[in-house]
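What follows is a short report on a single structure.
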Amino acid sequence: MKEQLYKLLTSKRLVVTDYLIKIAILNNLSLNEFLVLAYFDNSFNNSFEVELVSSTLGLDVTSTMEAFNSLMVKGLVSLESVKDIENRLNEVVVLDGVYSSVIDNTISETKEDVKEDVFKVFERELGRTMSSMELELINGWLISGTPEELILGALREAIYNGVTNFRYIDKIIYEWEKKGFKTMDDVNAYIKNRRDEKSKDKVISKKEQDILDYDWLDA
């Protein structure tokens, strides 16, 4: 069996992509499952012909079916009936589950990269290593869905105002999110509107003055 598989992989009949390897690791695929998935990933028409798949992979039909059914249970492949040019129904293998898994994994990795970037920016801007409590606070903002742009904007606003403690940064983020700001453009547009109102009306309540004095400027 091992010899057959070795010959198959070294014969270049199947191209094994890096994302397929990731999928195999993430889903703890068996060798047979991996080979069947690689077969359909290399197939152009994806017609479900068990005998042909088994012959190509050097597996018996039972092993091929078991592997394929397991891939279906794991949500990586599915069978769909499609009509050919002669209006006949044929069963084809669809790999949407694989592609969805690749996309989700890529997005997850991107989010991790974003987190690392935010931490690095904080340490660079503050000129020091952050405490574990500060790291947890930043991570909490990210997990709660606070846009990276607002987090970094609040940091730079705090530095601009000469206040670099995290309670002050957290307060800025809280006020911005309470007003529904999603980007620094939202923040700047709000500031501009308030200033325009101020120039038209010199009588400003203390509450409004506090808002204006917040100095929400984008560095």
Checklist entry - Of all residues in segment 76-90 being open to solvent by 40 Å² or more (accessible area, probe 1.4 Å) and part of a loop (DSSP other than H, G, I, E, B), which is nearest to Tyr19 (Cα to Cα)? => result Asp84
Checklist entry - Which one of Ser199, Ser131 is exposed (fewer than 14 other Cβ atoms within 10 Å of the Cβ), modelled with pLDDT of 90 or more and hydroxyl-bearing (Ser, Thr, Tyr)? => result Ser131
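Yes/no matrix, rows are residues, columns are (1) open to solvent by 90 Å² or more (accessible area, probe 1.4 Å); (2) under 30 Å from Ile23 (Cβ atoms); (3) in a helix (DSSP H, G or I); (4) at pLDDT below 90:
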site: Thr106; (1), (2), (3), (4): no, yes, yes, yes
site: Trp176; (1), (2), (3), (4): no, no, yes, no
site: Phe181; (1), (2), (3), (4): no, no, no, no
site: Lys192; (1), (2), (3), (4): yes, no, yes, yes
site: Ile204; (1), (2), (3), (4): no, no, no, yes
Item to check | Options Val163, Val93: the member that is within 30 Å of Asn46 (Cα to Cα) and outside any helix (DSSP H, G or I) | outcome: Val93
Item to check | Residues satisfying the stated conditions in segment 13-62, i.e. over 28 Å from the mean Cα position of the chain (by Cα), open to solvent by 50 Å² or more (accessible area, probe 1.4 Å) and without any contact (Cβ under 8 Å) to a residue 40 or more places away in the chain | outcome: Phe44, Glu49, Glu51, Leu52, Ser55, Asp60, Val61, Thr62
Item to check | Complete set of residues in segment 17-69 that are in contact with a Leu (Cβ under 8 Å, 6 or more places away or on another chain), under 24 Å from Ser81 (Cβ atoms) and not in a helix (DSSP H, G or I) | outcome: Asn46, Phe48
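The values are calculated or read from the model by the stated rules, or taken from the named source; none is laboratory data. Because the structure is a prediction, the values reported are computed rather than measured. Positions of Cβ are generated from backbone atoms using ideal geometry, with glycine treated the same way; all protein chains shown enter the neighbour counts. When the accessible area is computed, the model is the full protein with side chains, heavy atoms only, and any ligands, DNA or RNA have been set aside. Shrake-Rupley method; radii C 1.70, N 1.55, O 1.52, S 1.80 Å.
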